[in-house]
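A short worksheet on the structure shown next.
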Amino acid sequence: MSAHESEWTLRRLSAGELAAAEAARVRAHTASCTVCGAALRGIEQGQAAFEAAIPFERFEAGVERAVQRQRRGTAFTTPPRRWVATTVAMAASVLVVFLARPLLEGPSPGRNGIKGGAVAELRIGGGPGPQREARKDGPEELVEGERVRLGYQADGHRYVAALSVDAIGDVTPLHPESGESLPVEPGADLHWLPGSWEFTGSGAERVVLVLSDAPVPVESLVDAARRAFLAADGNVEQMAPLDVPGEQTHWMLLKP
Ligand SMILES: [Zn+2]
């Protein structure tokens, strides 16, 4: 047995991922060991700074939007049965990948699917657990109450828009909700779209962010998303990129 706890273990403790007995043992060690105590404080401070940069306020337009959507009734539709099995299988693998990545790493350029240098990030927060960045290479599981924020570095692109598609192909424009895609904010920094979104119902939800050089009508984006959904035989998980100009990033979320 090594003298000190591994960073991996300390990160899992900080993220609340250790079983109670293991957590108690590691906490006891960090209380009496200055090295591990300092490492744990560093991890906790890093996470606090990461979360403070991107607030998830309780009452935002996005939450209101989710409520409206629920009233519309679309969110109550039962998702396709395949998700029942998939979700259970995903739970284990997502957890492992989540922990294998650096939990506390802030936004950094160049580690996502957009080619050319533009960057997009989907941040999950506002729930019981710590904030985290959604992976782009597979479904990301949400827990009750968690919301989503979207960020981008435009890298020369001038307009931004975002939408989501649920398991039955219902397309929701997220930003903007109508009109045309909106001008990006000036500067090379990572910019966050205003508001946050809570996706109601259960099953899968695909989120797409599009950066383009000219404004794209929201209707065109919605139509393209519907076409992609139909082309995938109604499997939101299998949708191809939307047939619209610009660069786009996709994320798959599994709602609780
Ligand atoms: Zn130690």
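Each reported figure results from applying straightforward, stated rules to the coordinates on display, with no laboratory input. The structure presented is a predicted model; accordingly, all values stated were derived computationally and were not measured. Reconstructed Cβ throughout: ideal geometry from the backbone, glycine too, with neighbour counts over all protein chains shown.
A few points about this structure:
- Theoretical gain in end-to-end length, Glu219 to Glu144 [0.36 nm per residue, Cα-Cα removed]: 23.9 nm
- Distance between the stretch 233-254 and the stretch 139-160 - C-alpha centres, whole angstrom: 14 Å
- Sequentially through the stretch 197-204, phi angles give Karplus couplings (6.51, -1.76, 1.60; θ = phi - 60°) of 10, 10, 8, 8, x, 9, x, 8 Hz, Gly and Pro residues having no value and appearing as x.
- Each residue, Glu7 and Glu44, gets one label point 7 Å from its Cα in the Cβ direction; the gap between the two is 1.9 nm.
- ³J(HN,Hα) computed for each position of the stretch 138-146 - Karplus, 6.51 cos²θ - 1.76 cosθ + 1.60, integer Hz, glycine/proline x: x, x, 10, 8, 9, 10, 3, x, 6
- Estimated vicinal HN-Hα couplings, Hz - the stretch 35-52 in sequence order (Karplus 6.51, -1.76, 1.60; Gly, Pro = x): 5, 6, x, 5, 4, 5, 4, x, 5, 5, 5, x, 5, 4, 5, 4, 6, 5
- Residues whose placed amide H lies under 5 Å from that of Val184, excluding near-sequence neighbours: Tyr159, Val160
- Computed over Cα pairs, the Kirkwood radius of the stretch 7-53 leads via Stokes-Einstein (1.567 mPa s, 4 °C) to a diffusion coefficient of 120 µm² per second.
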